[in-house]
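Take a look at the structure set out below.
No lab work stands behind these numbers, since they all come straight from the coordinates. Fair warning: this is a prediction, and the values are worked out from it, not measured in the lab. FYI the Cβ positions are ideal-geometry reconstructions off the backbone, even for glycines, and counts take in every protein chain you see.
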Amino acid sequence: MRGLMLLQILIVFSVLATAIPKPENEHKSRVINKEPSEQEHYVHSQHNPAYDHEAFLGEEAKTFDQLTPEESMRRLGILVDKMDKDKDGYVNGEELKDWILYTQQRYIRNDSERQWKYHNPEEKEKLPWTEYMAMVYGDMDEHEAENREKSKDNSYSYKDMLKKERRRWTSADLDGDDSLTKEEFAVFLHADQFDHMKDVIVIETIEDIDTDGDGKISQSEYIGDMYDGAEGEEEPEWVKNEKEQFSMYRDKDGDGFLDAEEVKTWIVPADFDHAEAESRHLIFEADTDADQKLTKEEILEKYDLFVGSQATDFGEAFARHDEF
């Protein structure tokens, strides 16, 4: 049972897991992604409709991918009615932006609620660190966990995992009572989504990539985080591009390493409102009369832009009755 709990915590903190080597990924798993989709909006200069679907639908994007065009439009019509908050028959830019932000946060809300109920079955107002420790590590106390270097299969370090969790817990605990409210627990679980946790994520990123433990990230460590080529294998073009990114843009002082400030510049996006930009993009694509707002008819006419669909017979099997 303890092993299952530990595995669950590892999954919870997979935000900073080693990136899968993809040319388009560019360390995306490391970046604190404030974009409304994990997809790339443009791949090799070609528009990627999956970006818009995920931005607009959030968790529901995969469900809509399985629907027939008819069912996709029916459900989209229901969503349009929800977006039109003032019920004036139009979805304006602000309403569309609010919807995109809502879908972004839905996963965090749902996951935090599930985790809170699991770790706090008695539904207490606050969850103390000691009780969380007991739930996750069983009868292993904090001192024992700190001194037990590896799991039995050497797949993870108790010490490193505890260190990361303890740091997040303390940073999320705004009133300093070593207990977390439901809201603070959400911050603990999804630290990358909250501005006051950025420094914690920077530290975690350095610790994860810095294999020689010198407190900074070399170019080889930066590349090794997402690519491990076999000896004698020709280096892919995207790896060469990443090395150039490191030298020309990431390593600001040109010393061959990324320090904490340079890592922060890298993983914390510039102040740009991605939700507003996506709202403008969707309106531009669907606004046939150029009045800067969308009717229900305009949105349904461009249903494939907003939600996509496939002509399959499997749509009803994926129905979400609580939503539709």
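Give me the orientation-averaged projected area of the Cα convex hull of segment 45-131, in nm², one decimal.
9.6 nm²
How far apart, in nm, are two points set 7 Å out from the Cα along the Cα-to-Cβ line at LYS198 and at GLU231?
Placing both labels 7 Å beyond Cα along the Cβ direction yields 4.3 nm.
Subtract the Cα-Cα distance of VAL239 and THR68 from 0.36 nm times their separation in residues, and report this length gain in nm to one decimal.
Taking 0.36 nm per residue and subtracting the Cα distance, the gain is 57.6 nm.
So what's the projected area for segment 229-288, the Cα convex hull averaged over all directions, in nm²?
7.2 nm²
Would you mind calculating the gained length between ALA270 and ILE78 on full extension (0.36 nm times residue separation, minus the Cα-Cα distance), in nm to one decimal?
Extra length from ALA270 to ILE78 when fully extended: 65.7 nm.
Using a simple charge model, +1 on the beta-carbon of Lys and Arg, -1 on the beta-carbon of Asp and Glu, nothing else, what dipole does segment 204-312 show about its Cα centre, in debye to the nearest 20?
In total the dipole reaches around 500 debye.
Of HIS196, ILE223, ILE206, which is farthest on the positive side of the dipole of segment 193-238, counting Cα position, with +1 on Lys and Arg Cβ, -1 on Asp and Glu Cβ, and the Cα centre as origin?
Of the candidates, HIS196 comes out farthest on the positive side.
So, in nm, how far is label TYR107 from label ALA134 when the simple model puts each one 7 Å beyond its Cα toward the Cβ?
3.4 nm
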